[in-house]
Amino acid sequence: MHSRFMDLDMSGLPIARYDDLAEARRVLLSRREIGETPLPASVTAKICEVFGEPLAPAQVVERIIADVRAGGDAAVRRYTRLIDGCELSDLCVSPDAIEAAIDRVPIDVYTGLEEAAERVRSFHERAKRNTWVDFEGDSATGQIIRPLDRVGIYAPGGRAPYPSTALMAAIPARVAGVREIVMASPSGPDGEVAPVLLAAAKVAGVDAVYRMGGAQAIAALAYGTESVGRVDKILGPGNIFVALAKQQVYGAVGIDGLAGPTECLIVADETANPRFLAADLMAQAEHDPLAQPILFCTSRRVIDETIAEIQRRLNTAPRASIIQDSMEARGAAVLVPSVEEGIELSNEYAPEHLSLSVKDAWSKLGLIRNAGGVFVGEWSAEAIGDYTAGPSHIMPTGGTARFSSPLNLDDFLKITSIFSFGPGDLPRLGPPAIAIAHAEGLYAHAEAIEVRLRELDEHPA
């Protein structure tokens, strides 16, 4: 099967190859913390130009946030001019401008956005949670589940606009019942947000769109300006400066997480189709030179054929330079002794996207402990998950799938606990609470219970 690849030249591999599992583990698990990834020379030069001195990314973000807090709209406009080379008048995109932009979006794209939106909406409708109260005797406990009041969605627009991100973040917020949803996205050289992003915002039910990007947008959403009201939570991916800004404003507002470069990890066996494997690896690699496309495979032949297919496809790929940079700097093809051992190493890596391109893939699903999303079977293209499957494509990266989840309804909800006790509950619940309070040295806590118990003794209910 797939024998046409066998005679192709394998020199100049576009992706690092490992036959030693221990070495692969060492390399793949040696992660950098956010902010430690070296910046391109052009970005370093821009920092010196804007700030007059070399600064680390975290220092850049700290200065921008402080300036936006002090200077409001003027600071946002200034950094947009200095960093993006764009002069802004109004930060907020008018409803008329949004409608005009929609008219410039091809009908098949707009229809695709509507169809994707319906899938995302339908999926998240199934995940709704409701307030509950449990009564036991005179007591009651429960949870009031309410949506956040106001959230800010960040939609990247640097290398390319991503209207799917607007859908994947804003629609779950709308399903959850968030009162107001605003979106920030960087404008192009003409001072306008990409029409396809504005169309996605309209389809998703976004209430307002702001022409601003980078750390200055995060600061404006977190602290508010003359034009931008502060939000309760900021969600959505972005570049290193956006991620660091979200990290620095956390506490003043909530955040969904610190999204890093995308990750694609495929576990494959001898039955996998190298054309599919190569296509999936390249699909994620084209996002960013820092994207990490990884293949764990039990078959040396399938690895050879997949690498050959990548080489062949690179000749005609529209974003070949980005894909090649990603493959060469961050890609890996690892020969693993078994599917189970490949999955175990994947659990250690905790990828954003995990594809199971193996025989009887559903039987392996129970072995997965850490992954943002699992694509079961080789026909489950990750690119469908990016657009029209239904679950949000905003997923944990950088190993954070060990302790965090993809964006979902819970990101837009808050829980208030309910406590109610009657006189008949205190003799049962009070004494153990008093004992714990004494153990903690919190005697006023104990007295707050004891005074009620004495009242019961003196005046039985």
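The values are calculated or read from the model by the stated rules, or taken from the named source; none is laboratory data. Keep in mind that this is a model prediction, so the values were computed, not measured. Please note: Cβ atoms are built from the backbone with ideal geometry, for glycine as well, and neighbour counts cover all protein chains shown. When the accessible area is computed, the model is the full protein with side chains, heavy atoms only, and any ligands, DNA or RNA have been set aside. Shrake-Rupley method; radii C 1.70, N 1.55, O 1.52, S 1.80 Å.
Structure notes:
- Residue under evaluation P261, criteria (1) in contact with a strand residue (DSSP E or B) (Cβ under 7 Å, 6 or more places away or on another chain); (2) within 18 Å of L39 (Cα to Cα); (3) modelled with pLDDT of 95 or more, criterion not met: (3)
- Residues of the stretch 52-98 that are part of a helix (DSSP H, G or I), surrounded by fewer than 18 Cβ atoms within 10 Å (Cβ to Cβ) and either touching a residue at least 12 places away in the same chain (Cβ under 8 Å) or of a type in the set (D, E, K, R) (or both): A58, E62, R63, R69, D73, R78, R81, L82, D96, A97.
- Options A117, A160; residue that is touching a helix residue (DSSP H, G or I) at 6+ places or on another chain (Cβ under 6 Å) and among the small types (G, A, S): A117
- One residue stands out in the stretch 104-122 among those that are of a type outside the set (V, I, T) and either free of Cβ contacts under 8 Å to residues at least 60 places away in the same chain or outside any helix (DSSP H, G or I) (or both): the one that is surrounded by the fewest Cβ atoms within 10 Å (Cβ to Cβ), namely D108.
- Residues that are touching a Leu at 6+ places or on another chain (Cβ under 8 Å) and open to solvent by 20 Å² or more (accessible area, probe 1.4 Å) within the stretch 197-210 comprise just one, V203.
- Residue within the stretch 219-236 that is touching a residue at least 60 places away in the same chain (Cβ under 8 Å), of a type in the set (D, E, K, R) and not in a loop (DSSP other than H, G, I, E, B) present: yes
- Counted residues, the stretch 410-458 - those being touching a strand residue (DSSP E or B) at 6+ places or on another chain (Cβ under 7 Å), of a type in the set (A, V, I, L, M) and either open to solvent by 70 Å² or more (accessible area, probe 1.4 Å) or more than 30 Å from D256 (Cα to Cα) (or both): 1
- Residue list for the stretch 332-355, filter: of a type outside the set (V, I, T) and either modelled with pLDDT under 95 or open to solvent by less than 10 Å² (accessible area, probe 1.4 Å) (or both): A332, A333, G342, L345, S346, N347, Y349, A350, P351, H353, L354, S355
- Restricting attention to the stretch 155-196, the residues that are in contact with a strand residue (DSSP E or B) (Cβ under 6 Å, 6 or more places away or on another chain), open to solvent by 10 Å² or more (accessible area, probe 1.4 Å) and modelled with pLDDT of 95 or more total 3.
- Count of residues meeting criterion [touching a residue at least 60 places away in the same chain (Cβ under 8 Å), of a type outside the set (D, E, K, R) and not in a helix (DSSP H, G or I)] in the stretch 396-419: 13
- Count - residues of the stretch 253-291 that are touching an Asp or Glu at 6+ places or on another chain (Cβ under 6 Å) and closer than 10 Å to I323 by Cα: 1
- Checked against the criterion of being out of contact with any helix residue (DSSP H, G or I) (no Cβ under 8 Å at 6 or more places or on another chain) and open to solvent by 10 Å² or more (accessible area, probe 1.4 Å), the stretch 282-295 contains not a single residue that satisfies it.
- Listed conditions (1) in contact with a Phe, Trp or Tyr (Cβ under 7 Å, 6 or more places away or on another chain); (2) under 30 Å from E286 (Cβ atoms) are all met by K202, apart from (1).
- Only residues that are farther than 13 Å from A268 by Cβ and surrounded by fewer than 16 Cβ atoms within 10 Å (Cβ to Cβ) were counted in the stretch 369-380, giving 2.
- Residues in the stretch 308-327 that are farther than 18 Å from P261 by Cβ, touching a residue at least 40 places away in the same chain (Cβ under 8 Å) and open to solvent by 20 Å² or more (accessible area, probe 1.4 Å): 3 in all.
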